[in-house]
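The values are calculated or read from the model by the stated rules, or taken from the named source; none is laboratory data. For clarity, every value in this text was computed on a predicted model and none was experimentally measured. Here Cβ is always computed from backbone atoms with ideal geometry, including for glycine, and neighbour counts include all displayed protein chains. The protein model used for the area step is the full one, side chains on, heavy atoms only, and it has no ligands, DNA or RNA in it. Shrake-Rupley method; radii C 1.70, N 1.55, O 1.52, S 1.80 Å.
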Amino acid sequence: MVIPGAVRRRPRELGDMAALFVAALLALYVIWAFRFRGWWGVDEGTIGQAALRVLHGQVPHRDFEDPYSGGLGLLHALVFRLRGVSMNSLRSHLALTATIWFAGMFWLLTRWLRPRGAALAAILLAVWSVPLYPAAMPSWYVLFLGCAAGAVLVVWPGRPQVAVLLAGFAIGIAATIKVTAFFALAGALWALVALRQAESRDRRGSIEVLVAAPVFMVLVLLLLGRDINGSVLAHLALPPLAVVAAIAWREGQQVRASGAGFDAALWRRAGTLVGGTAVPIAAYAAWLARHDALMPFLSSLRIVVGQRVASASQLPPAATAVAVALPVAAILFGVGRWFRVRPAVLVAGGIVVAVVAWSRGSAYREAWSVTRGLLPASALFFAAAWPRLSRSDLTIPLRGAAVFCPLAAMLVLTQFPYAAPVYFLYVAPVFVLAASAVVAMRPPSARTQAAALAGLFMVFGTAQVFAAAPEGLGIQWLDEHDWRWVETRAGRLLVPPGDAIRYERVLGALDSLPPGPIWAGPDAPEIAFLSNRVDLNRSSWDFLGPDNPPSPGLAERLATVGTQAVVVDTKPFSSRKLTRALLDSIEWYFPRTVVIDQYQVHFRSSVP
């Protein structure tokens with residue numbers, strides 16, 4: 001006998017299983033298949049040199065200028081020891097770490113979305129992350145550990161103190177890799193307040209929260225500086241300010257309804273979170289102090305922050321991108337009658353927009369800018385909805401929204417001061433988690449509409465990965481058919497043809513010289529790393545060092561220690577060009593010169 005409901009249910013279950021399997025397979029493919037494609041040479045040199053110096057016994061901040069906290073150099077040195085000194089080793093390790101992160105986030109998505117919806121969001125999570133820039137940068141590890149901290153807070157409500165401690169510990173590890181992890185700590189602290197509001201609707205409001213909110217807003221504005229313009233306000237300031245304002249407004253409602261009081265549970269959790277964060281930071285600080293590197297590290301923080309704002313800044317898209325993204329976000333969350341669109345109409349319109357975007361570089365840039373504007377636009381909708389959402393029954397989706405919305409809003413500041421398109425990838429997956437949790441609480445009709453829109457973003461993101469156009473993510477349009485493999489002593493990557501030719505010629509010139517150290521700069525750490533030579537320049541980014549530009553006496557010092565070549569980048573990305581006096585001095589002590597594009601290779605032996 002056939003049970004009527006069983007026949008209809010079985011295909012649906014098989015379809016769910018197929019969706020989960022396809023999503024996992026596609027995500028793993030894009031993470032691993034494209035891990036050796038594309039680069040930015042200075043990034044490869046920065047992380048590669050740091051790891052190589054640590055492998056040879058040097059200590060970050062004491063023996064060389066590390067632009068990050070230094071923990072990534074220790075990790076990558078271990079990778080080099082286990083897998084060999086190669087860019088490919090670092091990228092494979094990143095792919096492995098990304099795979100573990102993706103598996104955890106995919107499981108988390110299934111906690112509040114049905115299988116097909118979770119599969120859709122998981123693919124978007126994957127294609128808006130590592131495959132678009134697979135260099136093993138520290139911000140990826142901050143993203144992974146920040147997501148892990150958020151996941152623990154969501155799925156372990158029965159043991160809140162343990163969950164908070166583990167979340168703090170993950171954020172603390174991230175801080176030893178890059179100080180931007182403190183934005184994740186800020187997001188987790190505000191998430192604890194939001195969770196308390198959702199857990200206990202009758203609790204007395206906390207005056208401390210109402211005081212902390214405006215103080216935090218002022219700190220955000222001070223961080224962004226006095227020269228804030230419309231794009232910075234719209235893309236960087238708006239998300240954290242809107243989310244904190246919404247949480248503070250809800251706290252004010254609880255004060256008016258139940259009075260003010262001391263929330264001991266909130267303070268215990270906040271203290272545990274900060275304490276958990278402090279454990280790995282304290283351990284790392286003790287290690288630095290034992291190796292006489294703590295004070296140089298603390299001194300470098302001021303230099304790095306100040307000089308980065310002054311010398312390596314990039315503005316986010318125009319504020320109009322957020323305005324255009326507002327109706328898209330309204331459709332995503334099914335806000336109001338005016339933004340209820342039939343999925344078929346939505347898909348047809350999305351196809352038209354995609355065709356236009358992929359046919360013209362300028363349209364592509366605008367499409368990516370609007371995509372980036374989704375996060376601040378969504379923050380406004382969260383601010384409007386949170387006072388009502390927090391009164392709903394405490395479900396897993398609500399916990400997800402309470403945690404990942406503040407986390408995404410604070411990690412937006414990761415883009416400050418260098419809001420290059422690629423930096424949006426370091427927060428985009430958190431936005432996907434937050435948005436999916438909010439969508440899971442919407443009515444079925446709104447979820448169908450959101451699925452159609454998410455499907456369009458998924459297709460667009462997947463096309464970006466496979467077509468290789470996203471290497472510039474709206475800055476430049478690249479064609480993978482013209483790319484070439486560049487062969488170096490530090491690995492093999494698929495890069496644009498101009499880069500391949502340039503570096504092959506520079507490395508060829510260095511290979512013809514006798515063994516020995518070189519000095520490369522400004523902003524050219526990749527030259528020594530790719531040629532497997534010791535770099536006598538302490539700074540990967542010269543503008544972060546104490547001597548920018550170097551004094552004319554540098555050439556004489558280099559000549560006395562057996563330097564084989566001086567490689568000058570005449571078009572440094574952020575640092576000042578070498579002075580004419582220093583260039584004259586280099587030409588005096590290293591009289592032979594080969595000019596290769598923007599690089600001048602100065603040496604004393606026979607012509608390469």
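Quick check on my filter: what residues within the range 371-398 are of a type in the set (D, E, K, R) and surrounded by fewer than 24 Cβ atoms within 10 Å (Cβ to Cβ)? Step through it out loud before you land on a result.
Within the range 371-398, the subset of a type in the set (D, E, K, R) is 372, 388, 391, 393.
Matches in the range 371-398: 388, 391, 393.
Could you grab me the full set of residues in the range 67-81 that are surrounded by fewer than 20 Cβ atoms within 10 Å (Cβ to Cβ) and at pLDDT below 95?
Scanning the range 67-81 gives no hits.
Could you grab the pairs with beta carbons closer than 7 Å, sequence gap of 6+ or different chains, first residue in the range 133-153 and under 24 Å from residue 399 (Cα atoms), second one among the charged types (D, E, K, R) and surrounded by fewer than 24 Cβ atoms within 10 Å (Cβ to Cβ)?
142/178
Take residue 161 and tell me if it is assigned to a helix (DSSP H, G or I), surrounded by fewer than 21 Cβ atoms within 10 Å (Cβ to Cβ) and in contact with a Ser or Thr (Cβ under 6 Å, 6 or more places away or on another chain).
On the way: assigned to a helix (DSSP H, G or I): yes; surrounded by fewer than 21 Cβ atoms within 10 Å (Cβ to Cβ): yes; in contact with a Ser or Thr (Cβ under 6 Å, 6 or more places away or on another chain): yes.
Yes, satisfied.
May I ask you to list pairs of residues, at least six apart or on different chains, whose Cβ atoms are under 9 Å apart, with the first in the range 248-276 being within 16 Å of residue 159 (Cα to Cα) and the second being modelled with pLDDT of 90 or more and surrounded by fewer than 14 Cβ atoms within 10 Å (Cβ to Cβ)?
Close Cβ pairs (under 9 Å, with a partner that is modelled with pLDDT of 90 or more and surrounded by fewer than 14 Cβ atoms within 10 Å (Cβ to Cβ)) amount to 272/162.
Restricting the first residue to the range 479-508 and requiring it to be of a type in the set (Ser, Thr, Tyr), which pairs with a second residue that is part of a strand (DSSP E or B) and open to solvent by less than 10 Å² (accessible area, probe 1.4 Å) meet a Cβ separation below 6 Å and a spacing of at least six or different chains?
Correct list of pairs: 503/486.
Restricting attention to the range 173-188, does a residue exist that is open to solvent by 10 Å² or more (accessible area, probe 1.4 Å), under 22 Å from residue 248 (Cβ atoms) and of a type in the set (S, T, N, Q)?
Among the residues of the range 173-188, not one is open to solvent by 10 Å² or more (accessible area, probe 1.4 Å), under 22 Å from residue 248 (Cβ atoms) and of a type in the set (S, T, N, Q), which makes the answer no.
Please find, among 107, 140, the residue that is at pLDDT 95 or above and over 26 Å from residue 278 (Cβ atoms).
Step by step, each of 107, 140 is checked, and only 107 is at pLDDT 95 or above and over 26 Å from residue 278 (Cβ atoms).
Looking at 123, 100 in this structure, which one is open to solvent by less than 40 Å² (accessible area, probe 1.4 Å) and among the hydrophobic types (A, V, I, L, M, F, W, C)? Show your work before the answer.
On the way: 100 fails: open to solvent by less than 40 Å² (accessible area, probe 1.4 Å).
Every option except 123 fails the conditions.
Just to be sure I understand the filter: pairs with C-beta atoms under 6 Å, separated by 6 or more residues or on different chains, first member in the range 325-353 and farther than 14 Å from residue 457 by Cα and open to solvent by less than 70 Å² (accessible area, probe 1.4 Å), second member of a type in the set (D, E, K, R) and modelled with pLDDT of 85 or more. Which pairs pass?
So the pair list comes out as 334/442.
Given the criteria touching a helix residue (DSSP H, G or I) at 6+ places or on another chain (Cβ under 6 Å), hydrophobic (A, V, I, L, M, F, W, C) and in a helix (DSSP H, G or I), does residue 193 qualify?
Details: touching a helix residue (DSSP H, G or I) at 6+ places or on another chain (Cβ under 6 Å): yes; hydrophobic (A, V, I, L, M, F, W, C): yes; in a helix (DSSP H, G or I): yes.
Yes; evaluated as a whole, the condition is true for this residue.
In the range 548-575, which residue that is loosely packed, with under 14 Cβ neighbours inside 10 Å and of a type outside the set (S, T, N, Q) is nearest to residue 521 (Cα to Cα)?
To start, the set of residues in the range 548-575 that are loosely packed, with under 14 Cβ neighbours inside 10 Å comprises 551, 553, 556, 560-562, 570-571.
Remaining after also requiring of a type outside the set (S, T, N, Q): 553, 556, 561-562, 571.
Working: 553: 15, 556: 16, 561: 17, 562: 18, 571: 10 Å.
Checked the range 548-575; the qualifying residue nearest to residue 521 (Cα to Cα) is 571.
Read through the list (1) more than 25 Å from the chain's Cα centre (by Cα); (2) over 21 Å from residue 243 (Cβ atoms), then give the number of the only condition that residue 297 fails.
Going through the list (1) more than 25 Å from the chain's Cα centre (by Cα); (2) over 21 Å from residue 243 (Cβ atoms), residue 297 breaks only (1).
Restricting to the range 52-66, name every residue that is farther than 20 Å from residue 283 by Cα and either of a type in the set (Ser, Thr, Tyr) or buried (at least 20 other Cβ atoms within 10 Å of the Cβ) (or both).
Listed by number, the residues that qualify are 52, 53, 64, 65.
Matching residues to (1) closer than 21 Å to residue 145 by Cα; (2) in a helix (DSSP H, G or I); (3) free of Cβ contacts under 8 Å to residues at least 24 places away in the same chain; (4) among the small types (Gly, Ala, Ser):
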position	(1), (2), (3), (4)
32	yes, yes, no, no
52	no, yes, no, no
68	yes, no, no, no
79	yes, yes, no, no
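Can you tell which of 578, 544 is free of Cβ contacts under 8 Å to residues at least 60 places away in the same chain and open to solvent by less than 40 Å² (accessible area, probe 1.4 Å)? So that I can check it myself, show each step before the final result.
Numbers: 544 fails: free of Cβ contacts under 8 Å to residues at least 60 places away in the same chain.
After ruling out the rest, the residue left standing is 578.
It is to be established whether one or more residues within the range 197-217 are closer than 23 Å to residue 427 by Cα and open to solvent by 10 Å² or more (accessible area, probe 1.4 Å).
Going through the range 197-217, the residues closer than 23 Å to residue 427 by Cα turn out to be 213, 216-217.
Narrowing further to those that are open to solvent by 10 Å² or more (accessible area, probe 1.4 Å): 216-217.
Within the range 197-217, one or more residues are closer than 23 Å to residue 427 by Cα and open to solvent by 10 Å² or more (accessible area, probe 1.4 Å).
Need the failing condition index for residue 202 against (1) part of a helix (DSSP H, G or I); (2) over 30 Å from residue 66 (Cα atoms), just the number.
That leaves (1) as the condition not met.
Look at residue 222 and say whether it is open to solvent by 10 Å² or more (accessible area, probe 1.4 Å), within 30 Å of residue 284 (Cβ to Cβ), part of a helix (DSSP H, G or I) and out of contact with any helix residue (DSSP H, G or I) (no Cβ under 9 Å at 6 or more places or on another chain).
Details: open to solvent by 10 Å² or more (accessible area, probe 1.4 Å): yes; within 30 Å of residue 284 (Cβ to Cβ): yes; part of a helix (DSSP H, G or I): yes; out of contact with any helix residue (DSSP H, G or I) (no Cβ under 9 Å at 6 or more places or on another chain): yes.
Spelling it out, residue 222 is indeed open to solvent by 10 Å² or more (accessible area, probe 1.4 Å), within 30 Å of residue 284 (Cβ to Cβ), part of a helix (DSSP H, G or I) and out of contact with any helix residue (DSSP H, G or I) (no Cβ under 9 Å at 6 or more places or on another chain).
Output the residue which, of all residues in the range 229-267 that are out of contact with any helix residue (DSSP H, G or I) (no Cβ under 7 Å at 6 or more places or on another chain) and open to solvent by 50 Å² or more (accessible area, probe 1.4 Å), is farthest from residue 326 (Cα to Cα).
262
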